[in-house]
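Here's the structure we're looking at; comments come further down.
Just so you know, all these numbers are worked out from the coordinates, no wet-lab data involved. These numbers come from a predicted model, not from an experiment. All Cβ positions, glycine included, derive from the backbone under ideal geometry; neighbour counts span all protein chains shown.
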Amino acid sequence: MLKIENLHATVEGKQILNGLSLEIPAGEVHAIMGPNGSGKSTLSYVLAGREGYEVTEGSVSFNGQDLLAMEPEERAVAGMFLAFQAPVELPGVGNANFLRTALNAIRRARGEAEIDAMQFLKLARARMKVLNMPEDMLKRPVNVGFSGGEKKRNEMLQLALLAPGFAVLDETDSGLDIDALKMVADTVNSLRGPAFSALVITHYQRLLNHIVPDRVHVLSAGRIVKSGGPELAQELEAAGYAGVQAAA
Amino acid sequence: MTAVAATGSAAFLGRYEGLRTRLPGARVAWVEALRERAAEAFRQSGFPTRRVEAWKYTDLAGVAGAVFGEPLTSVEDRLEIPAAMHPRAVFVDGRFRPDLSTLAGLGFTAESLADALPRLEGWLGSLARPASEPMAALNGMLFEDGLVVHVPAGVAGGVLELLSIATESERAPAYHPRHLVRLGAGASLTIVESATGPSGARYLHNPVFEIEVAEGARLNHGRLQLEGHEGVFLSTVYARVGAGAAYDNFTLNAGARLARNEIHVALTGLKAEAHMNGVQLVGDGQHADTTTSLDHAAPDCASRQTYKTVLAGRSRGVFQGKIHVHQVAQKTDGYQMNQALLLSPEAEIDSKPQLEIYADDVKCSHGATVGELDADHLFFLRARGIPEAQAKAILVEAFLTEAVEAVADETIRTALTRGVAGWWGRQGVAGGLEEA
């Protein structure tokens, strides 16, 4: 589904990714772990197409398409979803209107029928109930005045509603309590299936107790230095990144 | 005979000299005197140049250098006029059209100024200041018609529409309507005003309003300036607000090649209130100016101003806002905010807030910001599948929300939302957010 080959990227002239290669087949969830500054967030932004993240070498193929040649909205339409580490606040943009606009933008681009306001509210309310979100979060402006946990819930609501084929979770677990962590895990686990893949980027192992990955990769200085099964996350927890890097 | 057509102040002064015996109110001594005072002021000032402080950022050289003609009495009856939602007064090329207006059965007076003129002594000209504002001088010299509204004390007037429609004309007409609005004590009225014109027509629309809001009365004044792209709109509003009364002005300044929305409000009675809000949408090739001047001339008054300007393409916006707090105006509560959003590197905004405070116990704040669309916000929306143009429209709408939500009157807010959407349509963007 996603194939990253020899990816090099710079941010403001600084080399961050140094030949990263990674393949995530359809239906699999992979985790990337790594210390601060190893390039985790850069990878997520490069995949989503953020301006200022310049790919200098390498390629990313997404369902056979050249991902790097696509605009951010084209990537979303193709099924790429980034759950942001620090979701932005949008004063003056109602959350419900935003969600419906995004959903219909994607449906339109895919040639699917648009969802009317009534259908949308029904759908959104059902998802919110599962996520334990109060309904007034639909009426408020996007993320404005939301707590850290509420913002992450809102990201998970977008994930659940847009139902992409591929999700990148960029340290979605940072700053979350155990209940919120489980909510994130439940959302991702509910989407798991043969047509869904995910890349879970995290600093800690605890999220991976709830989203058990098929593969775990260790990122260091912009490249994958070690890969393994879910047990690798446990090792990292015990030995620390220094131990793994030394052994690599 | 060939003659070079006169332009600028000379042309307008020449027209006044030629027409003075035939203009409405000719041979009515006080009207003649009023026109002559205005003419004398305009002889002195002419069209202001950029050396005049109040016109530093808005250049009228193009207007002064153009040739304008007299409006013909329009008999055009194939006008595209939106269906009437409320009683309305319709002006075509500056002249009242009773056949298109529906003013019967109102609980107050609304009539043509040309008809009412002999009865307006002491009212017409009581607020306009031709000696300080050259465009008001030009208007005072050449006005022919306008709307006169008088809502008696205690009467709730409901909603009144004021439509000004320009027609296609080879003559590039100039017209200078004078509108008078007077609300008696405790009266209320909502005026929804719109000015429109065909996109290719050249014309000068130079209206002056004189508005009096007596004790405890409330006037909501919503203005949609949607003139045609070659039109010039130079508008001056004077309002005097009495004790416990409120004047709420909202202006959408979106049309015309050159537009100036100039508002002078005086709060003259205890606990008077003024709300002056507006949105300027300035597209490629347009110049839009909002200039406000607020006199806090009595104690315990409050004023709120929020102006937002969005500039696209090669365009220019201006905001000048002066708050003058007189020595007697203790406990004044004044707030002014103006914000501009630049969508293009070729767009430019000049912003000049000005506070003059002579009382010692006041609360006055003002602020100004200029910025571009936030790249993080734009990326977030696009990462959720929303195309770039639509994402921009959403963020611009969000930027305007604060000013639009400050509009208390629902009729005005609805008209405004429609006006904003229309502007987006003309910029080639289908729309922003979908409602859920």
| Taking θ as phi - 60°, what are the ³J(HN,Hα) couplings along the range A:82-95 by the Karplus curve (6.51, -1.76, 1.60), each to the nearest whole Hz, with x for Gly and Pro? | 10, 8, 6, 5, 10, x, 6, 9, 10, x, x, 10, x, 4
| query | How would you rank A:Val142, B:Val31, going from fewest to most other Cβ atoms within 10 Å of each one's own Cβ? | reply | B:Val31, A:Val142
| request: Compute the acute angle (0 to 90°) between the alpha-carbon long axis of helix A:178-191 and the principal axis of greatest extent of the alpha-carbon atoms of chain A; round to the nearest 10°. | output: 80 degrees
| remark: If R0 = 25 Å, then A:Val144 and A:Arg192, at their Cβ-Cβ distance, give a FRET efficiency to the nearest 0.05 of 0.20
| task | Specify whether the C-alpha gyration tensor of the range B:181-265 places it in the rounded, prolate or oblate class, a ≥ b ≥ c being the square roots of the eigenvalues: rounded for a/c under 1.5, otherwise prolate if a/b is larger than b/c and oblate if not. | result | prolate
| Which of the DSSP-defined H helices in chain B satisfy a minimum axial length of 18 Å, computed from C-alpha atoms, and a minimum mean Kyte-Doolittle hydropathy of 0.5? | B:388-405
| For B:His366, residues with placed amide H under 5 Å, excluding near neighbours | B:Gln336
| note | Largest fluctuation, A:Ala76, A:Ala31, A:Ala102 only, Gaussian network model of chain A with Cα springs under 10 angstrom, belongs to A:Ala102
| request: Would you tell me the mean number of C-beta atoms belonging to other protein chains that fall within 10 Å of each C-beta in B:92-101, as a whole number? | output: 0
| Per-residue Cβ neighbour rank within 10 angstrom, fewest leading, A:Asp116, B:Asp248 | A:Asp116, B:Asp248
| task | Take the Cα coordinates of the range B:367-422, assign each an equal point scatterer, and use the Debye formula without solvent to give log10 I(q)/I(0) at q = 0.19, 0.28 Å⁻¹. | result | -0.78, -1.07
| Can you list the residues, at least 5 places off or on another chain, whose amide H is less than 5 Å from the amide H of A:Ser220, using H built in the peptide plane? | A:Val225
| For the pair A:Ala238 and A:Thr56, how long in nm is the line joining their label points, each one 7 Å along Cα→Cβ? | 3.9 nm
| said: Can you divide the C-alpha Rg of the protein assembly as shown by 2.2 N^0.38 Å and report the result to two decimal places? | reply: 1.19
| task | Please get the size of the charge dipole for chain A, origin at its Cα centre, with Cβ charges of +1 on Lys and Arg and -1 on Asp and Glu, quoted in debye to the nearest 20. | result | 520 debye
| task | For A:Lys14, list the aspartates and glutamates whose Cα falls under 15 Å from its own Cα; do not include residues on the same chain fewer than 8 positions away. | result | A:Glu51, A:Glu54, A:Glu57
| Using bins 10 angstrom wide from zero, how does P(r) for the range B:214-300 break down, in % of all Cα pairs? | 18, 44, 24, 12, 2
| query | Residue by residue, what Karplus-based ³J(HN,Hα) values in Hz, rounded to whole numbers, does the range A:206-223 have, using 6.51, -1.76 and 1.60 with θ = phi - 60° and x for Gly and Pro? | reply | 4, 4, 6, 5, 9, 10, 7, x, 6, 9, 10, 10, 9, 9, 8, 6, x, 8
| Using the Karplus equation 6.51 cos²θ - 1.76 cosθ + 1.60 (θ = phi - 60°), what ³J(HN,Hα) coupling, rounded to whole Hz, does each residue of the range A:125-133 give in order, writing x for Gly and Pro? | 4, 4, 5, 5, 4, 4, 7, 6, 9
| field | Long-range lysine pairs (8 or more apart or interchain), the range A:130-248, Cα under 22 Å | value | 4
| query | For B:Glu53 and B:Asp350 in the same chain, what is the full-extension length gain: residue separation times 0.36 nm, less their Cα-Cα distance, in nm? | reply | 105.6 nm
| Inter-site label distance for B:Leu270 and B:Leu373 at 7 Å from Cα along Cβ, in nm | 5.2 nm
| note | Here, A:Thr10 and B:Asp361, labelled 7 Å along Cα→Cβ, have an inter-label distance in nm of 6.5 nm
| said: Relative to 2.2 N^0.38 Å, what does the C-alpha radius of gyration of chain A come to as a ratio? Two decimals please. | reply: 1.00
| request: Return the single residue from B:Asp99, B:Asp333, B:Asp360 with maximal mean-square fluctuation; model: Gaussian network over chain B, springs between Cα atoms under 10 Å. | output: B:Asp99
| said: Using a 10 Å cut-off around each Cβ of peptide B:370-380, what is the average number of partner chain Cβ atoms that fall inside? | reply: 4
| message | I need the semi-axes of the equivalent ellipsoid of the range A:118-197: take the C-alpha gyration tensor, multiply each eigenvalue by 5, square-root it, list largest first in whole angstrom. | response | 19, 17, 11
| task | Classify chain B as rounded, prolate or oblate, taking a ≥ b ≥ c as the square roots of the eigenvalues of its Cα gyration tensor: rounded when a/c is under 1.5, otherwise prolate if a/b is larger than b/c and oblate if not. | result | rounded
| field | DSSP bridge pairs, chain B: antiparallel proportion in percent, nearest 5 | value | 5 percent
